[in-house]
1. Just to be sure, is Ile56 part of a strand (DSSP E or B) and either modelled with pLDDT under 95 or under 45 Å from the mean Cα position of the chain (by Cα) (or both)?
2. How many of the residues making up segment 39-53 are over 19 Å from Tyr100 (Cα atoms), part of a loop (DSSP other than H, G, I, E, B) and not small (Gly, Ala, Ser)?
3. Please enumerate the residues belonging to segment 157-168 that are part of a loop (DSSP other than H, G, I, E, B) and surrounded by fewer than 15 Cβ atoms within 10 Å (Cβ to Cβ).
4. Report yes if some residue within segment 91-106 is outside any strand (DSSP E or B) and within 16 Å of Ser144 (Cβ to Cβ); otherwise report no.
5. Mind checking which residues of segment 243-267 are more than 60 Å from the chain's Cα centre (by Cα) and over 15 Å from Lys226 (Cβ atoms)?
6. Report, by residue number, each residue of segment 134-172 that is without any contact (Cβ under 8 Å) to a residue 12 or more places away in the chain and not assigned by TED's automatic domain parsing to the domain that holds Glu43.
7. Test each condition in (1) outside any loop (DSSP other than H, G, I, E, B); (2) of a type in the set (Ser, Thr, Tyr); (3) modelled with pLDDT of 95 or more for Ser81 and report the one that comes out false.
8. Before we move on, is Asn103 closer than 22 Å to Glu163 by Cβ and either surrounded by fewer than 13 Cβ atoms within 10 Å (Cβ to Cβ) or not assigned by TED's automatic domain parsing to the domain that holds Leu145 (or both)?
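The values are calculated or read from the model by the stated rules, or taken from the named source; none is laboratory data. Here the structure is a predicted model, which means the values were calculated and not measured. In this analysis, Cβ positions are derived from the backbone assuming ideal geometry, glycine residues included, and neighbour counts consider all displayed protein chains.
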Amino acid sequence: MNNLNKIMRNFLLLLFYSLIFSYLVVETSLASQITVIKDSVNEIEFGDILTVNIQIRNFEGRDIDAIVQEFVIGADPIDPSSLISSQPSGGLIAALPPFYRWNLTLPQKSERTITYKIKPLSFGEYNIGQTKVTTSGETFFSNSLSVMVKCKSNGICEPNLGENYLTCPEDCPFGSTDNICDLIKDGKCDPDCTPDADPDCITTTIIEKTTTTAKVSCNRNDKCEKRLGENYNTCPQDCSSGGKDEYCDGIEDSICDPDCTEKEDPDCEKPKTFLYIYIIVTIIFIAVILYFIMRIKRRNV
């Protein structure tokens, strides 16, 4: 009895694994074997038409119906000349980008190439996403593409076409009027920068300070009244040159102005000169006296 149970259990396990294996084989045989490869040139000039090829291969031994979708962003359609625009539906918050769509039948073990043409609308790196191919129950994707869109150099900076020193340095050098402030210290004030942004636009302004002196009335009472602002400059009738009036007149009048330094009033330096002369004359006088004394002593001897 135990052997019978063991045989039945092994039989059921074998049947279960056989069913699973059969299911996997059937699923694999029903799966579509499709590859999608996309290619184009690596670079074009702005304004040129970009040609893109989508190569779809069907390795199955049966015909396959497929829907091909290609999203086109930032470019004008050339061939085909129109794109499909979708509206938000279902769980979509916004509409999908415009796209091309082809409905086609892929014959068994065959290859199909779809070609379309577009014109990129900006300079720089233009990216094309994956092509989406949908069959009955399966979805396949191609590779992505990146194409460099270069400017056509003609020696003229054309910002209305999107040219600037980043996208077209051949036509728009630093400091050009190209709607971009480059902030580069190159000796050129970029007209697209504010005055305080580009270091080349910053200028130094020298402000001259003007000193205003209040006019002081002179009462002409023969008294130099400093509390009233009188001095030799404001009231020479009451304040004579060389007087202590908190004003250095610096006039050479043989009077050392007490309000001046020695360098400001030449009269303040003369006493020193006279002192030097007095000392020299005194030394000479003493030397002469000594000379005569020595002569008298020699005669007496």
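1. Details: part of a strand (DSSP E or B): yes; either modelled with pLDDT under 95 or under 45 Å from the mean Cα position of the chain (by Cα) (or both): no.
No: the conditions fail for Ile56.
2. From segment 39-53, those over 19 Å from Tyr100 (Cα atoms) are 41-48; that's our starting set.
Checking the rest, the ones that are also part of a loop (DSSP other than H, G, I, E, B) come to 41-42, 46-48.
Okay, now just the ones that are also not small (Gly, Ala, Ser), so 41-42, 46, 48.
Of the residues in segment 39-53, 4 are over 19 Å from Tyr100 (Cα atoms), part of a loop (DSSP other than H, G, I, E, B) and not small (Gly, Ala, Ser).
3. Keep residues of segment 157-168 that are part of a loop (DSSP other than H, G, I, E, B), which gives 157-158, 162-168.
Result: Leu166, single match.
4. Step one: list which residues in segment 91-106 are outside any strand (DSSP E or B), which gives 91-98.
So of that shortlist, the ones also within 16 Å of Ser144 (Cβ to Cβ) come out as 97.
For segment 91-106, residues outside any strand (DSSP E or B) and within 16 Å of Ser144 (Cβ to Cβ): present.
5. Our first condition is that a residue be more than 60 Å from the chain's Cα centre (by Cα); within segment 243-267, this holds for 243-245, 251-258, 266-267.
Answer for segment 243-267, where residues must be more than 60 Å from the chain's Cα centre (by Cα) and over 15 Å from Lys226 (Cβ atoms): Ile251, Glu252, Asp253, Ser254, Ile255, Cys256, Pro266, Asp267.
6. If the condition is that a residue be without any contact (Cβ under 8 Å) to a residue 12 or more places away in the chain and not assigned by TED's automatic domain parsing to the domain that holds Glu43, then Asn160, Pro169 are the ones that fit.
7. Here Ser81 clears every test but (1).
8. Numbers: closer than 22 Å to Glu163 by Cβ: no; either surrounded by fewer than 13 Cβ atoms within 10 Å (Cβ to Cβ) or not assigned by TED's automatic domain parsing to the domain that holds Leu145 (or both): yes.
No: the conditions fail for Asn103.
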